[in-house]
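Just below is one structure, and these are the notes that go with it.
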Amino acid sequence: MYSVLAASLKAHGVRGGSRAALAAKCAAGRRTFYDDAVASGSNALYLENLYTQWQADPSKLDAKWGDYFASIEAGKKAAQPAGGSALRNAAMESKLGSAAGAGGAGPVSMVPGSSGAGGLQNLIRAYQVRGHEIANVDPLGLHSWREWSEKGINPNPPELDPSYHGFSQADLDKTFDVNFSGLGKSATLKDILETLKGTYCGSVGVEYMHIGDATKLDWIRSRVESPSFMPKDKEKLLKVYKELLTVDTFEQFLTAQYKTTKRFGVDGGEAAVSGINACIEKAAELGMSEVVIGMPHRGRLNILTNVVGKSLTQMFAEFKGNHYDFDTIVNNSEGDGWLFAGDVKYHLGTSNVKVFENGKTITATLEANPSHLETVNTVTLGRARAKQYYLGNTKETRKRVMPVVFHGDASFAGQGVVYETLQLAHVQEFDVGGTIHVIINNQVGFTTDPVDDRSTMYSSDLGKAFNLPILHVNGDDPVAVNSAFELAAEWRQQWQHDVIVEVVCYRRFGHNETDAPEYTQPVLYKTINKHPRCEAIYGQKLVAAGIASQQELDGIKTALWKNHEEAFAAADSFDPKEGVDWVATKWEGFVRPTDKSSAHPTGVDLELLTKIGLKLSEVPASFKVHAGLKRQLAKKKEDVVGGQTIDWATAEAMAMATLLLEGNHVRITGQDVQRGTFAHRHCVIKDQTDGSDHCFLNNLGLGPQENFVAQNSILSEYAVTGFELGFSYENPRALVIWEAQFGDFANTAQVMIDQFVSAGEHKWLQQSGIVMLLPHGYMGQGAEHSSCRLERFLQLSDDDEDDIPNFENDFGREQVQKANWQVMNITTPGNYFHALRRQQHRDFRKPLIVASPKNLFRLRQCVSPLSAMGPDSRFKRLIGERDEKIANNPEKVDRLIFCSGKLYYELVAEREKHNATNVAIVSIEQISPFPFDRVKQEMDKYSNVSMGDGLHPGSVIWCQEEPKNMGCWTYVKPRFVTTAREGLDKDMVMRYIGRRASASPATGYPKLHNAEQEALVTDAILGHVDSDGKVNRPSSLLGHQT
């Protein structure tokens, strides 16, 4: 029957492996229930209970359950009468008469209603499954989350009451055979209960029975049920105290010196900081050599000093404001043309080598982070993954680099990026070998009570969806906290899976030290204000237990306080040069915005390019290629041999291949990057017979090369962009690319773009060369498949429209070096080739935003000759008129159009249609920073083009597809004016031709789209007569022209 029942349980969603194992054990003679408790899930327990009750006395159960079990035993298919809460209620409500024998002699009974061995086994299982629900994890003793009856949460799980399992008060002194760590072969029920409560209901509530792997369950259980889980030796207990006191002294010292200064201290959660130190030390013993930490602002200063190892002197200098020389920064900005913004001290990161008492050393890195909670999560994982890659990119190197991410209780429960972060854990090329997630549960989110910030009992409940072990621990018990953190480190190093440690604590001073939390939590803060500090509570325990005298503890305190006073005094003479923001060793030799940089060519030998192109056209003889792709590869080979018609995808692959051969790692991720959203890339192809992969760029066979990664990602923009950004931080010799499925969807990563990508260097001197490919272009596909929102990236660009350019040589390179990023809308494959290679052929790094094309991949006019990528070629920020007849007769031009992207080709087609040789068309390839010098050259060249009369526009035109309030117009207009004024001494009024202002980026009606597109290209080429001297709309479809 057990084998049959196991199959049924599996069919109904109960863990199959555990049930099958249970069936096998029963067939061979059942072991104790304790041994079988590895089977996961409370539903399995309830279904087993009902089944054993039915076996004992079918009359005691509802007839539908009798029919169900009878069918199962007969080997027939049957629908389970109830599941979920209904199943649980059925098991709880069912009653049986007395069952056989108390004590442990004879066969083991599985009857829950029995006061014998069967009932005992179910009682043990209940504590393993639900003991955490009554664990003593709240230092304030409130446990408010257990009182949310309106959410279906009740404080007293009935299964934890012995009477639920058939025991009475008289059974407490009875002896039972038992197999449980810390107990003999037999024990009284009273002793068993005390042991169960001590194990599962003390300062650590272990939530793990939802995990679907019996081996992992056994691993956890064997440790938490071991009497040695909590240390008892004097040396270890005193070490815990010293660590805790170091954390506490830092906070108390700052409170004494800066009572009204915001620092977002960890007061109330001090044990979490000493706990993470224990976690890191344990992981170091198990092979970890680097830790990467991401965290919000609360407790950050303490982590910086007491975990990562930033000097106390520098920290105090930051409080005193003498960690930088204000006059020097301002004076340098006058000559450098660049001003470092800096950031508040509780957002800063650093990196340091940490030495433990046992001599072990590790490198600790704390990521800089904005106030946007949870945004740093995947940045941390991305850097960790990069470190693992450069250590060898194996499963073993995963163990050598450990990410730790801190969360708040409200943010872990409320921020969607947390789910995205957890979902990356076991995705290929995103797996970091497990992350330690630390929830600092302050029991309030700013001013929001926990009952209002989530629907679940715990803030950590999301972790159960990913089968993560969750350790809830009382923040006032530093020994328990350390033990939980050490177990988390062991788990991570053993299983390479995530784990959650929730430190339940409190926030002593409100949201910050100047806040008045009594406004919104008066009752809570009455309790907190009376509550002693964690260090005082633990110190009293040590003295009471005779582990240390009060004199010993006072001596440790005095020494620590003196150390802080000395560092505080030394901060007065702190040299700002000592506090230069950290730069990873792999970035040595790279220059900052104010340093002199040098140019490096991006052109490549034509013979090598041809060899690469041929390799990009070949597949192994045994590889079964899709018929359509086979034709594409044949065409690619033909184009490479011809050397005149290199398309976009081939140019991209050639750029990547040359970088790989030069020793640069190349990595591209996004939802559809292997094939490409528009079926253009095909850098990883599938065998049509067996589905195996072939990656062209990892099989060049042209000499030593770095590895190429093209990985389709989870359907996420926010988390994946952050991951790639973090990867790019670690090593400048990697071209890291994130591609959106459509550029429109990049706005779900807007927080990452705003806080990190655009401003990271300005705030933290942290460079990144990340490339963001954002498919963009108006093709009648509606509001969500047209625009990557260029206007947002341009608004975030930090070049001043009124900065007067010098128009001299190297202006472009110096301009990019001081800009926060580059924004491009490129028109040729050759220029795209150089844009990618230029990212790696500079001695600085800048993010690159590319409004990448959609229809240009197959547009026959959008091709480049190999010579455009050859030794004498380079990236062009602007491409002038390409028709030689027009370009060579500038005096005949009376209409000058500037544009960008795919619109260029539509304008050329319209010009050809009307044979309008009086119109010159110039494409701006790099929109930001604006190419003032190149624009000046074009304006100067076409001297017969009217620039307007100072009030009305002339015939210098900016043409765009986007609505007037979007796209590039508001960015380029003032910069064109500055160019004419400062470069040509002309008071120019620029003419706008494009769609009218709109709330929606694009229409969803194809006919309307086509009409708008025709109207704007027609008016751009032919123009119209302004009536009455006014500048009117040439069409209701278009915008006003100034």
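Some notes on this structure:
- Taking the range 738-760 as the range and being under 13 Å from ILE849 (Cβ atoms) and either among the β-branched types (Val, Ile, Thr) or in a strand (DSSP E or B) (or both) as the test, the residues that pass are TRP738, GLU739, ILE753, VAL757.
- Checking each residue in the range 898-910 for being outside any strand (DSSP E or B) and not basic (Lys, Arg) picks out SER900, GLY901, LEU903, TYR904, TYR905, GLU906, LEU907, VAL908, ALA909, GLU910.
- Lone qualifier among ALA368, ALA386, ALA364 - being among the small types (Gly, Ala, Ser) and in a strand (DSSP E or B): ALA364
- Residue check, HIS776 in contact with a helix residue (DSSP H, G or I) (Cβ under 6 Å, 6 or more places away or on another chain) and outside the structural domain of TYR971 (by the TED database): yes
- Among residues of the range 712-737 being assigned to a loop (DSSP other than H, G, I, E, B) and not hydroxyl-bearing (Ser, Thr, Tyr), the one that is nearest to LEU774 (Cα to Cα) is GLU717.
- Number of residues in the range 613-631 that are in a helix (DSSP H, G or I) and farther than 20 Å from THR828 by Cβ: the value is 7.
- Restricting attention to the range 152-182, the residues that are out of contact with any Ser or Thr (no Cβ under 6 Å at 6 or more places or on another chain) and open to solvent by 30 Å² or more (accessible area, probe 1.4 Å) add up to 13.
- Looking across the range 442-477, the residues that are at pLDDT 95 or above and touching a Cys at 6+ places or on another chain (Cβ under 9 Å) come down to ASN474, GLY475, ASP476, ASP477.
- Residues of the range 517-550 that are open to solvent by less than 60 Å² (accessible area, probe 1.4 Å), assigned to a helix (DSSP H, G or I) and closer than 12 Å to TYR506 by Cβ: PRO517, LEU524, TYR525, THR527, ILE528, CYS534.
- Among the residues of the range 682-712, the one identified as in contact with a Lys or Arg (Cβ under 6 Å, 6 or more places away or on another chain) and either basic (Lys, Arg) or closer than 22 Å to PHE727 by Cα (or both) is VAL709.
Let's see how each residue does on (1) in contact with a helix residue (DSSP H, G or I) (Cβ under 9 Å, 6 or more places away or on another chain); (2) buried (at least 20 other Cβ atoms within 10 Å of the Cβ); (3) part of a loop (DSSP other than H, G, I, E, B); (4) basic (Lys, Arg):
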site: LYS846; (1), (2), (3), (4): yes, yes, yes, yes
site: SER852; (1), (2), (3), (4): yes, yes, yes, no
site: ARG860; (1), (2), (3), (4): no, no, yes, yes
site: SER873; (1), (2), (3), (4): yes, yes, yes, no
site: ARG882; (1), (2), (3), (4): yes, no, yes, yes
site: GLU891; (1), (2), (3), (4): no, no, no, no
site: LEU896; (1), (2), (3), (4): yes, yes, no, no
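- Count of the range 275-310 residues which are in a loop (DSSP other than H, G, I, E, B), within 22 Å of LEU471 (Cβ to Cβ) and not basic (Lys, Arg): 6
- Among the residues of the range 442-452, those that are open to solvent by 30 Å² or more (accessible area, probe 1.4 Å), touching a residue at least 12 places away in the same chain (Cβ under 8 Å) and of a type outside the set (Val, Ile, Thr) comprise PHE446, ASP449.
- Residues in the range 312-329 that are of a type in the set (Gly, Ala, Ser) and either part of a helix (DSSP H, G or I) or under 12 Å from VAL353 (Cα atoms) (or both): ALA317 alone.
- Qualifying residue in the range 248-260 (condition: at pLDDT 95 or above and open to solvent by 20 Å² or more (accessible area, probe 1.4 Å)): no
- Residue match in the range 343-356 (condition: in a helix (DSSP H, G or I) and out of contact with any Leu (no Cβ under 7 Å at 6 or more places or on another chain)): yes
- Only one entry of SER483, SER460 meets the criterion of being crowded, with 18+ Cβ neighbours inside 10 Å, in contact (Cβ under 8 Å) with a residue 24 or more places away in the chain and touching a His at 6+ places or on another chain (Cβ under 9 Å), and that entry is SER460.
- Filter pass, MET939 being part of a loop (DSSP other than H, G, I, E, B) and either surrounded by 21 or more Cβ atoms within 10 Å (Cβ to Cβ) or touching a strand residue (DSSP E or B) at 6+ places or on another chain (Cβ under 7 Å) (or both): no
- GLN496 closer than 29 Å to SER144 by Cβ and among the polar types (S, T, N, Q): no
- Filter pass, ARG675 being of a type outside the set (Phe, Trp, Tyr), touching a helix residue (DSSP H, G or I) at 6+ places or on another chain (Cβ under 6 Å) and open to solvent by 20 Å² or more (accessible area, probe 1.4 Å): no
- Failed condition for VAL591, given (1) surrounded by fewer than 11 Cβ atoms within 10 Å (Cβ to Cβ); (2) not in a helix (DSSP H, G or I): (1)
- Tally of residues being surrounded by fewer than 22 Cβ atoms within 10 Å (Cβ to Cβ) and either at pLDDT 95 or above or in a loop (DSSP other than H, G, I, E, B) (or both) across the range 924-933: 0
- Some residue of the range 128-136 being more than 24 Å from ASN49 (Cβ to Cβ), out of contact with any Lys or Arg (no Cβ under 6 Å at 6 or more places or on another chain) and of a type in the set (S, T, N, Q): yes
- Looking across ARG667, ARG631, one residue alone is open to solvent by less than 70 Å² (accessible area, probe 1.4 Å), assigned by the TED database to the domain that holds PHE723 and among the basic types (Lys, Arg). It is ARG667.
- Tally of residues being under 21 Å from SER713 (Cα atoms) and open to solvent by less than 30 Å² (accessible area, probe 1.4 Å) across the range 406-426: 6
- Residue that is open to solvent by less than 10 Å² (accessible area, probe 1.4 Å) and modelled with pLDDT of 95 or more, where the choices are LEU796, LEU836: LEU836
- With respect to the conditions (1) in a loop (DSSP other than H, G, I, E, B); (2) open to solvent by 40 Å² or more (accessible area, probe 1.4 Å); (3) not hydrophobic (A, V, I, L, M, F, W, C), PRO953 lacks only one, and its number is (2).
- Some residue of the range 400-413 being part of a loop (DSSP other than H, G, I, E, B) and under 16 Å from GLY726 (Cα atoms): no
The values are calculated or read from the model by the stated rules, or taken from the named source; none is laboratory data. Source: prediction; values computed, not measured. Positions of Cβ are generated from backbone atoms using ideal geometry, with glycine treated the same way; all protein chains shown enter the neighbour counts. Heads up: the accessible areas ignore ligands, DNA and RNA and are worked out on the full protein's heavy atoms, side chains in. Shrake-Rupley method; radii C 1.70, N 1.55, O 1.52, S 1.80 Å.
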